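Here is the structure we will look at.
Derivation of every value follows stated rules applied to the coordinates shown; laboratory data play no part. Predicted model only: the values in this text are computed from it and were never measured. For neighbour counting, all protein chains shown are included, and Cβ atoms are generated from backbone atoms with ideal geometry for every residue, glycine included.
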Amino acid sequence: MEWLSVLSERSNTLQALEECTRKIGEIKKDPPDIAFLFPSTHHALEYGKLPSAIKQILLPKMVLGCSAGGVIAGGKEVEQKPALGLVCAWLPDVQIQPFHMEQDQMPNPDDSPKAWRELVGFTEKSSPNKPNILLLSDPFSLDPEELVRGLDFAFPGSVKIGGLASAAAQPGGNALYLNQNMFHSGAVGIVLSGNVAIDPIVAQGCRPIGVPFKITKCEENLLIELDGFTPLAILQKLFESLKEEDRKLARTSLFLGVLNDPMKSGASKKDYLIRNLLGMDPERGVLAVGAYLRPGQTIQFHLRDKHTSAQDLEELLTHYVKKKPATPPRGALLFSCMGRGENLYQIPNHDTKLFTKKMGSLPLGGFFCNGEIGPVEGATYLHGYTSCFGIFRQAHLP
């Protein structure tokens, strides 16, 4: 298994692709099994030319990619400037099953796991091994949370990781690539089986403040009551208890953590799924949250800052290195939130540099997303403000 990650910052799309493919060809002559392609929004007028052009030049067996608000490749993170990232992988003894789906093709909640497996073209007859799934979705035309719930139902224990295309602010503006096809809606992905393992790392980068509460009343995504008090009353008391620095953060970087396992005490920050606060009704004291809620759930308010985010990622990478996977990592994909990068850290290439510091010169590529897909405690979720890494290695040595 071999991986290469290259970047071009040329503004001319075909020149950028030529630069990337030339860099790949100088190192590896054989056609890759997969070419991951991530063009920035600056290449929007030429999106449609990229799949066939890369097929003609590199002859990859598979192309997967999407348009991106920021590109990660070749050891750099390029934001708000022209960029084209190309990540190539040579995967011997790995079976690759591509799929594209639209919202109206997804099975009903009452359908069996078989319906989901057939939708992505993978059955037990395809491969006896547990598959792993890479997902790239358009944020406007398909519900990614419904998608990952269905795939978890069909493939329990499998790793699902990916991100939402981020180059457009309205429906129809994103590009999703699968082989020589370009789609403007739905989701694309690949099912990987055989001699491949994906180790996920999901860094949420928030720290809890105050104490945990039980939801005593809610309606869908509206948080109405916590331990008998309105969320507004809870927040007012919490705000008064904070230091001045945290009060400033709370005005712009306050989030809700929802305990992902009701059997846990919630003592650790990793036990919470971080969700956006969408708005407050000051008359009723009701809080709108970017998640469906249930009475009895445990929640805790969280703050996001650059120090916590950096520390969280460093701890996760350090733990992974110390754990020493059974086979050496060969390459990695990074799906990072648009709210991270220089916007959060005020320096370029933060997560990429930290990854290299811990993992060495492992090829890394990906993009800044409009939402990140990755597992926490065995279940797959749609995240915000995270960095989701998928680290690839052989499942076993030949």
### Stretchable slack from residue 104 to residue 356, in nm (0.36 nm times residue separation minus alpha-carbon distance)
86.6 nm
### Message
Sort 24-31, 135-142, 97-104 by packing, meaning the average of other beta carbons within 10 Å per residue, with the highest value first.
### Response
135-142, 97-104, 24-31
#### Entry: DSSP beta bridges in the chain [antiparallel fraction, %, rounded to 5]
85
## Note on the structure
With 0.36 nm assigned to each residue of separation and the Cα-Cα distance removed, residue 27 to residue 284 gains 86.2 nm
### Task
For the chain, just the Cα set please: Rg and Dmax, both in angstrom.
21.2, 66
### Cβ-placed point charges (K, R +1; D, E -1), dipole of the chain about Cα centre in debye, nearest 20
1100
### Task
Mind sorting 88, 206 by how few other Cβ atoms lie within 10 Å of their own Cβ, fewest first?
206, 88
### Task
Highest first, please rank the peptides 59-66, 288-295 by the mean number of other Cβ atoms sitting within 10 Å of their residues.
59-66, 288-295
### Query
Which of 76/243; 29/49; 23/81; 323/353; 29/322 have a Cα-Cα distance over 26 Å?
76/243; 29/322
#### Entry: Radius 9 Å from Cβ of residue 183, net charge of other residues (Lys, Arg +1; Asp, Glu -1)
-2
### Query
Using 1/(1 + (r/R0)^6) with R0 = 30 angstrom and r between the beta carbons of residue 244 and residue 323, what's the FRET efficiency to the nearest 0.05?
0.15
### Message
Given R₀ = 41 Å, what would the calculated FRET efficiency be for residue 297 paired with residue 112, taking r from the Cβ atoms and rounding to 0.05?
### Response
0.90
### Query
Can you give the alpha-carbon Rg of region 159-238 over 2.2 N^0.38 Å, where N counts its residues?
1.78
### Query
Packing-wise, with mean Cβ within 10 Å as the measure, how do 208-220, 376-388 rank, highest first?
376-388, 208-220
### Length gained when the stretch residue 219-residue 315 is fully extended (0.36 nm per residue, less Cα-Cα span)
30.9 nm
### Query
Among the listed pairs 248/306; 324/357; 28/160, which are separated by more than 21 Å between their Cα atoms?
28/160
### Task
Kindly write out, for region 385-397 in residue order, the coupling ³J(HN,Hα) from the Karplus curve 6.51 cos²θ - 1.76 cosθ + 1.60 (θ = phi - 60°), rounded to whole Hz, with x marking Gly and Pro.
6, 9, 10, 9, 9, x, 9, 9, 8, 6, 5, 7, 6
